[in-house]
Amino acid sequence: MLLTLITVFSLLGSVGAIAFAGFFLLFPERTRAAFIPGLISYASGTLLGAAFLGLIPNAVSRLEAPIVLKFILAGVLLFFVLEKLILWHHCHGEQCESRETAGPLLLIGDAFHNFVDGVIIAAAFIISTPLGITTALAVIAHELPQEVGDFGVLLDSGYTKQKAFLLNTLSSITTLPGALLAYFYLTEVQGLIPYVMALSAASFIYIAMVDLIPSLHRKAGLATGIRQFALMLAGVATITLFHLH
C-alpha cells in the first residue's frame, strides 16, 4: 500500500504536472501569462508550509534541532551551487544567459531536480501518510508553474511544441526511480530520514525564496500584492489541512 501511494504521488508530481502544463500550451500566450503569477503565489505558500509545518518539525522530532538547522543551511548553499552549475533557474527573468544552451541545460537540471523530488516524496511517506501527502502536494504545486515556464524556455530555444513536450516528459519521469530507490534504501536505513527531511526543507525554502517569490515582486500595486499574499496563504492553508496529526 505504501509503495503504491509513493508511486502514484510521484507520478502526479511529475507526469501529472507535465500533462497540466502541456494543456496550458493550448491557450494563447497572454492567457498563460495571466495564470502563471497566481500559480506561483500558491506554490510559494505550499512549499513554505510543507517545509516549516511538516518537514522541519518531523526532522527535529528525530534529530537535535542544531543539527537539523545546520543541514538546512548546508542544503540552501548546496542548491545555490547546483543552480549555478546546471542552470535550473528556469529563466523566470526577462533575460536569460546562453539562450542557445538554456534548453539542454534546463532538461538536465530538471531531470536531477525531479529525481530529488522523488526521494523527498518517498522519505515523507515512510514517516507518515499525511506527511507524504503534504510533501507531494507541495511538489505538485510548485511543479505546475515551473513546467509551464520550462515550456516557454524550450520553445524560446527553438524546440517545437511536440519535441518540447516529449523531452520535458522524459526529464520529469526521473521522479519515479528517485522515489523507488529511496523507498527501498531508506526503509533499511531509518537513521537517514531526518537528514533527508532537513535537506528537503532546504530545497523547498530555496525554491520558494529564490526562484518563485522574487518573480512576484516584479509586479507592483496594492491589489496585486494582496492577491499574491492571499494565494500564498491559501497554499499554506492547503498544507495545514492535509498535515493531519
Where labels lie 7 Å past Cα in the beta-carbon direction, separation of Leu233 and Gln190 in nm: 4.0 nm
Extension gain from His217 to Phe52, taking 0.36 nm per residue of separation minus the Cα-Cα distance: 57.2 nm
DSSP loop GluC sites (Glu not before Pro) with at most 13 other Cβ within 10 Å: longest gap in the chain: 98-187
Exposed-loop-free span, longest in the chain, where trypsin sites (Lys or Arg not before Pro) count as exposed if DSSP calls them loop and at most 14 other C-beta atoms lie within 10 Å: 1-217
Isotropic mean projected area of the C-alpha convex hull, the chain (nm²): 12.7 nm²
Estimated inter-spin distance, Ile226 and Leu69, nm [label 7 Å along Cα→Cβ]: 3.7 nm
Phi-based couplings in Hz for the stretch 63-69 (Karplus 6.51, -1.76, 1.60; Gly and Pro marked x): 8, 4, 4, x, 5, 4, 5
Neighbour cut-off at most 15 other Cβ (10 Å), DSSP loop, chymotrypsin sites (Phe, Trp or Tyr not before Pro), the stretch 170-245: none
The chain: relative contact order as a whole-number percent, Cα under 8 Å and 6+ apart: 44 percent
Rg followed by Dmax, in Å, when the stretch 120-230 is reduced to its Cα trace: 17.2, 52
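Throughout, read-outs are computed from the coordinates displayed, never taken from laboratory work. Quantities reported herein were computed from a predicted structural model and do not represent experimental measurements. Note: ideal-geometry Cβ built from the backbone for every residue, glycine included; neighbour counts use all protein chains shown.
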